[in-house]
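Just below is one structure, and these are the notes that go with it.
None of the figures in this text is laboratory data; all of them are computed from the coordinates on show. Bear in mind that the values here come from a model prediction, so they are computed numbers and not experimental data. Note that we place each Cβ from the backbone using ideal geometry, even for glycine, and neighbour counts take in every protein chain shown.
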Amino acid sequence: MKLQWSLVLAVAVVAASPVSTSLAGHGQPLPAVKVATRDQFVALKEQVDGQLQSGGRFEFITHEDRVALTRRFDHMQSLFDKFGSTQAMDPKSKFALTQDQSEVKAILSRHDGERQICESKTLSGATVRRNVCRHHSDVAREKLNEQKDL
């Protein structure tokens, strides 16, 4: 009897959490933002810039985050222009670079079109809730289309 109640409680807890983000089934990993040389940085920036375009992995980035990303990339560029590599940087500059890299990774993760978003939904005609997972890019595209229709 205790086992049944425990099972019911566990199901209730899972059902109560309607939205989650899952990395299961995640495609390609994010670009490695931890770079040590100017050449690696240039390659990273080109890769990310290409994916920010329409149809790219990060095409649905918000204006605010695009500005923040540009600001972080500009600061990283200035550090690499001044020092050339992380080996030549003083501790204060290395710390600033690490902060920039961390923020870039957070922004890219937040707007990754391949990120899975899972919701617990009751489908029409059903009585049991099911997890429905979609890519972030599909959800963003759907919202954009709904706004266009209004």
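Among S124, S93, G113, whose Cα sits farthest toward the positive end of the charge dipole of region 19-149 (+1 at Cβ of Lys/Arg, -1 at Cβ of Asp/Glu, about the Cα centre)?
The listed residue farthest towards the positive side: S124.
Scan around R115 for amide H atoms under 5 Å from its own, H built in the peptide plane at 1.01 Å from N, and keep only partners 5 or more places away or cross-chain.
Residues meeting the amide H criterion: H136, S137.
Pull up the cross-link candidates among the lysines for K34, meaning alpha carbon to alpha carbon under 27 Å and not fewer than 8 places away within one chain.
Output for K34: K45, K82, K92, K94, K105.
Rounded to the nearest 0.05, what FRET efficiency do L150 and T70 give with R0 = 25 Å and r taken as the Cβ-Cβ distance? Could you check?
With R0 = 25 Å, the Cβ-Cβ based efficiency is 0.25.
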